[in-house]
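See below for the structure under consideration.
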Amino acid sequence: LRLCAWYLYGEKHRGYALNPVANFHLQNGSVLWRINWMGDTSPRGIGASCGMMVNYRYFLEETASNSALYLGSKQVRASEQVLALVTQFQQHSKL
């Protein structure tokens, strides 16, 4: 979960999220909300994402500002749960 959180939040290509699905949702003003362990246990889900599924949450009153923040400053809005996983990854990672 920590590695997945870092991949979605911290791995970048030209400053934007490396993952194309994350990039799509973040450009549209979502918040990286939750990572679900074994959220997709289909053969495709296991093969593509080790069974993990991500929820992006749209707060309608914040989508325009979140989108502008991401596109202009390349900052990802994320929930406390995701940010805690990112912090844990940074503290324990040897990458």
Single unsatisfied condition, THR87 versus (1) farther than 26 Å from ARG14 by Cβ; (2) exposed (fewer than 15 other Cβ atoms within 10 Å of the Cβ):
(1)
Evaluate the following for GLY51: is it not in a helix (DSSP H, G or I) and not hydroxyl-bearing (Ser, Thr, Tyr)?
yes
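So that you can scan it fast, the table gives a plain yes or no per residue for (1) aromatic (Phe, Trp, Tyr); (2) over 15 Å from the mean Cα position of the chain (by Cα):
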site	(1), (2)
TYR16	yes, no
ASN19	no, no
ALA22	no, no
GLY47	no, yes
TYR56	yes, no
TYR70	yes, no
GLU80	no, no
LEU83	no, no
In segment 23-35, what count of residues is obtained for those that are closer than 19 Å to THR87 by Cα and either open to solvent by less than 40 Å² (accessible area, probe 1.4 Å) or in a helix (DSSP H, G or I) (or both)?
3
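Find the residue count for segment 78-95, including only residues that are part of a helix (DSSP H, G or I) and of a type in the set (D, E, K, R).
Count: 1.
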I'd like to know if segment 63-77 contains one or more residues that are open to solvent by 30 Å² or more (accessible area, probe 1.4 Å), among the hydroxyl-bearing types (Ser, Thr, Tyr) and part of a strand (DSSP E or B).
no
May I ask you to verify whether THR41 is in a helix (DSSP H, G or I) and either of a type outside the set (Phe, Trp, Tyr) or open to solvent by less than 40 Å² (accessible area, probe 1.4 Å) (or both)?
no
Test set (1) on the phi > 0 side of the Ramachandran plot; (2) exposed (fewer than 13 other Cβ atoms within 10 Å of the Cβ) - GLY51 fails condition number
(2)
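The values are calculated or read from the model by the stated rules, or taken from the named source; none is laboratory data. Computed from a predicted model, the values in this text were never measured in an experiment. No Cβ is skipped: glycine too gets one built from the backbone with ideal geometry, and neighbour counts run over all protein chains shown. Note: accessible area is taken over every heavy atom of the protein model, side chains too, but ligands, DNA and RNA are not part of it. Shrake-Rupley method; radii C 1.70, N 1.55, O 1.52, S 1.80 Å.
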